[in-house]
Amino acid sequence: MIDQYQNLIYSICYRLTGDYFEAEDLAQDTFLSAYKNLSAFDGKNERAWLCRIATNKCIDYLKRAGRRSVPTEDSFFVTVPADGGSPENTALDRAVREELLRCCLALNQPYRDVAVDYFYYELSISELAAKTGRNIKTLQTQVYRAKAMIRKLYRKEETAHGKQGSVLGRSGTNQK
C-alpha cells in the first residue's frame, strides 16, 4: 500500500497543512494507523480508506495546531495593522479632521449635514441618499456647493490668520 499510495497520501497531507515536513509526518502516521487497523479493514476500496485516514489525521493536526498557537503580545502587535505611521502624522491627521469638521459645522442647513456626512464621515452619495431619503442628484449638488463653501471658509480663515500653509492646505487627503 505504501508503494502504491505514498504520493497520493503525501499530496493530500501537504494540501491540507501547507507544510512540507508536517505532511511527511502525517503521511507516515496515516500508513502507521492503517497498518494498526488493517484487521478491521474490510478490503474494499483501500484508496478511499487511506485518503479518509489521511484527511482525519490532517484535521486533527490542524485542530491541535490552532489550540497551540496562543498569541503573545509580540505576535499580536505584528498582525495588527498600523494605523497611519508616525505620531506626527497621526496628530496632523487628527488636526485636519478637526478643522474639516469645524468648517462643515459652520455651514447652514442643509449643507451642514451633507458636508459632515460626506466629507467627515466619508459616506458615499448612495449611502447619503439611503440615510436621508433625498434624491441622488440633489445630494450631488449639495455636496458640490458645500465643498465650494468649505473652501471659501477655509481661505477666509487662512488670510485672517496669516497662515501660509494651514493643516488643510498641506493635506490632500480630505479633498474629494
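Each value in this text was obtained by applying a stated rule to the coordinates, not by laboratory testing. No experiment lies behind these values; they were computed from the predicted model shown.
Under the 0.36 nm per residue contour assumption, what length would be gained going from the current alpha-carbon distance of Tyr120 and Glu157 to full extension? Don't skip to the answer; put the middle values down first.
On the way: separation 37, 0.36 × 37 = 13.32 nm, distance 1.91 nm.
Once the chain is fully extended between Tyr120 and Glu157, it gains 11.4 nm.
Using 0.36 nm per residue, how much length does the chain from Thr55 to Lys36 gain when fully extended, once their Cα-Cα distance is taken away?
Numbers: separation 19, 0.36 × 19 = 6.84 nm, distance 1.70 nm.
Stretched out fully, the Thr55 to Lys36 stretch lengthens by 5.1 nm.
Quick one: Karplus J couplings for segment 34-48, per residue in order, coefficients 6.51, -1.76, 1.60, θ = phi - 60°, nearest Hz, x for Gly and Pro?
Karplus-based 3J(HN,Hα) across segment 34-48 equals 4, 4, 5, 9, 4, 5, 8, 6, 7, x, 8, 6, 5, 4, 5 Hz.
How far, in nm, would the chain grow between Thr132 and Met1 when pulled straight, counting 0.36 nm per residue and subtracting the alpha carbon separation? Working shown, then result.
Details: separation 131, 0.36 × 131 = 47.16 nm, distance 6.89 nm.
Gain on extension, Thr132 to Met1, equals 40.3 nm.
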